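Beneath this line is the structure, given in structure tokens, with notes to follow.
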């Protein structure tokens, strides 16, 4: 989405969607249900959520998950 660029109505939004559909969004949709989808940018996570149907997490969230104690 390139920050606010992809949120703008008209040409910018359409272009952002076309770029996402080239590789990113099909890969997200094809990923296993238990696979983590990681994206550091807010707008990237938002586009994945809105158009890819998945929740993407920030790298910091992945690190938090890795450091969390496991139930015994």
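What does the extension gain come out to for residue 31 and residue 46, with contour length at 0.36 nm per residue minus their alpha carbon separation?
Numbers: separation 15, 0.36 × 15 = 5.40 nm, distance 1.73 nm.
Gain on extension, residue 31 to residue 46, equals 3.7 nm.
Report, in degrees rounded to the nearest 10, the 0 to 90 angle that the Cα long axis of helix 11-22 makes with the longest principal axis of the chain.
So the helix axis and the longest Cα principal axis differ by about 50 degrees.
With an 8 Å Cα cut-off and a minimum separation of 6 or more residues, compute the relative contact order for segment 3-67 in percent. The partial results should precede the final answer.
Values: 54 pairs, mean separation 17.9, N = 65.
Relative contact order here is 28 percent.
Provide, in order from the shortest bin, the percent of all Cα-Cα pairs of the chain in each 10 Å bin, continuing until the bin that contains the maximum pair distance.
20, 45, 24, 9, 2, 0
Counting helices only, and only those DSSP H runs with n ≥ 4, report the 222 nm mean residue ellipticity of the chain as the sum of -39,500 (n - 2.57) divided by its residues, in deg cm²/dmol to the nearest 500. Intermediate values should be presented prior to the final figure.
Working: 4 runs with 34 residues, N = 72.
When only DSSP H runs of four or more count, the value is -13000 deg cm²/dmol.
Computed from the coordinates by the stated procedures, all read-outs in this text should not be read as laboratory data. All values reported here derive from a predicted model rather than from experimental measurement.
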